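Working notes for the structure below.
The values are calculated or read from the model by the stated rules, or taken from the named source; none is laboratory data. Everything numeric in this text was worked out from a predicted model, so none of it was measured. Positions of Cβ are generated from backbone atoms using ideal geometry, with glycine treated the same way; all protein chains shown enter the neighbour counts.
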Amino acid sequence: MSIPKGLKIAVPAALGIPAALGAVRAAAANKTLPIVPPAVSWTPEEAQRYAEKLSAMVQIPTLSKKEDEPYETFLTFQETLAALFPRVFETLENHDLNGNLLRRWKGTDPDRNGILLMGHQDVVPVDQAGWTKDPFSGAIEDGCVWGRGAMDCKSTVCCELQALEELLEEGFTPKQDIWFFASRNEENSGGGADAVAAHLREQGVRLDLVLDEGGAIVDGMIPGLSMPVAAIGVVEKGFCNVKFTARSAGGHSSTPPKNSPLIRLSKLMVEVDKKMPFRAKLVTPMPEILDNVAPYLSFPLRFLLVNRNVFGGLIKAAFVHLSGQTRAFVQSTAAFTMAQGSTAPNVLPDEASVICNIRPSQQQNAEQTVAVLRKIAAKYDVEAEVLFSRDASKTSSPDSAEFKQLAENLRACLPDCVVTPYLMTGGTDSRRFEIVCDNVLRFTPTRLSKAQIEAMHAANENVTISAIAEGVKIYKYLLTHR
Ligand SMILES: [Zn+2]
């Protein structure tokens, strides 16, 4: 086994520091969470009522539709929403665009920017093996609501609308505009969010905060951390597809030449897989995540993270080498996903190709990441063609007043959790709103287990009934504590 480069540098360096000083620093950083009651609570009857609303939403199969396809199912879904949340749909101004829901609750202070709560109406297909319940039954069983969209993203939409419904019922009047938006084509990267964001900009709307799906309240995701984490996404990585093509004069498979197209593509893929050739760096929000989490870790891990000036190289190397998940946090990634050769077993291809799905990091944009791959491809006489390319989103600052306020409110609602900014390796609609807002944050206040996260876009998607109730109450708290 080879020793990671960072380790070779960090260990001798570590031996040179006054270890006692590092240990003192680690001991001083040790924290425990305050034992105080959460600022939100709910009754079992409320939780059951919310679960029934979510179940009704799941029962309508709002599978993603392209922009030009008919979308009657979404209109049925919206009628159901109007019945479930009558005050919202009667009171808020209707700005719907082409099946995308956009509503405005007008604030009393015209000088203040608005805020936007968002989610999406559409869901991904249900053709995965392993469903043990009808994906559109909305079954309420074993303390959970089950079915496609139960989590992604109908529980977010349900909690947001129920919070607005209750605030309307209680006579709350917002000072700033509260917008609600739910696209009908988020899952297939349709144009709903783009159109709505452009519409808001044309109307001169500026927003102080956009709050979308993304991070959640997750347990067991950080090794060595015993409490759940409320992870607020402040940035999402980019997305890029590149086609690599190798050509030759063909030939007969009974007398194969050396370095045929598939062999050269294989060499490219093996080199990328082995070298992971992208720039690895701990950039925002990674240092902030480590700062937030370190005080609650057991001693050896806390010692490492708190003394990052010494162990930075080791920590970075650990991220790169531990798993695909940790690597994705510190560098661009490249996954070879599709391959094409000849059309018969005994025919050498004139041309072979592979598709590579790249997730560019914040520190190495799509163009720079592709340039690294092009250089390797050139060695094997392989061409690269960029099919689609998008850089990482902007990073919303964890030092902004909006982030700090959200984090503080979440600490009040979730005293058992560590609150931290977070890097999203997947994408959401929210990045489109960067044109009208500097604080685009991705967080749904829903508790999810590791298994529930894995069931998203897979079989047996579900959300816990108490998590829905907690979500409703947290949205209410966030809206009334600004
Ligand atoms: Zn989603």
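Miscellaneous remarks
- Entry remark, the stretch 369-410: residues being assigned by TED's automatic domain parsing to the domain that holds P421, touching a residue at least 12 places away in the same chain (Cβ under 8 Å) and assigned to a helix (DSSP H, G or I) number 7 in total.
- Checked against (1) surrounded by fewer than 22 Cβ atoms within 10 Å (Cβ to Cβ); (2) within 16 Å of the ligand (Cβ to nearest atom), N100 passes all but a single condition, namely (1).
- The strands (runs of 3 or more DSSP E) found entirely in the stretch 158-251 that carry 3 or more residues being within 16 Å of the ligand (Cβ to nearest atom) and within 16 Å of the chain's Cα centre (by Cα) are 207-218, 229-236.
- Residues in the stretch 440-467 that are within 14 Å of the ligand (Cβ to nearest atom) and within 25 Å of A197 (Cβ to Cβ): R442, F443, T444, T446, M456, H457.
- Among the residues of the stretch 127-158, those that are out of contact with any strand residue (DSSP E or B) (no Cβ under 7 Å at 6 or more places or on another chain) and under 15 Å from A47 (Cα atoms) comprise I140, E141, D142, C158.
- Whenever a residue of the stretch 446-457 is more than 25 Å from L478 (Cα to Cα), its partners that are buried (at least 16 other Cβ atoms within 10 Å of the Cβ), lying with C-beta atoms within less than 6 angstrom and at least six residues away or across chains, give the pairs A455/E461; M456/M151; M456/D152; H457/V124.
- Test: residue in the stretch 114-126 that is more than 16 Å from the ligand (Cβ to nearest atom), out of contact with any strand residue (DSSP E or B) (no Cβ under 9 Å at 6 or more places or on another chain) and assigned by TED's automatic domain parsing to the domain that holds L209: no
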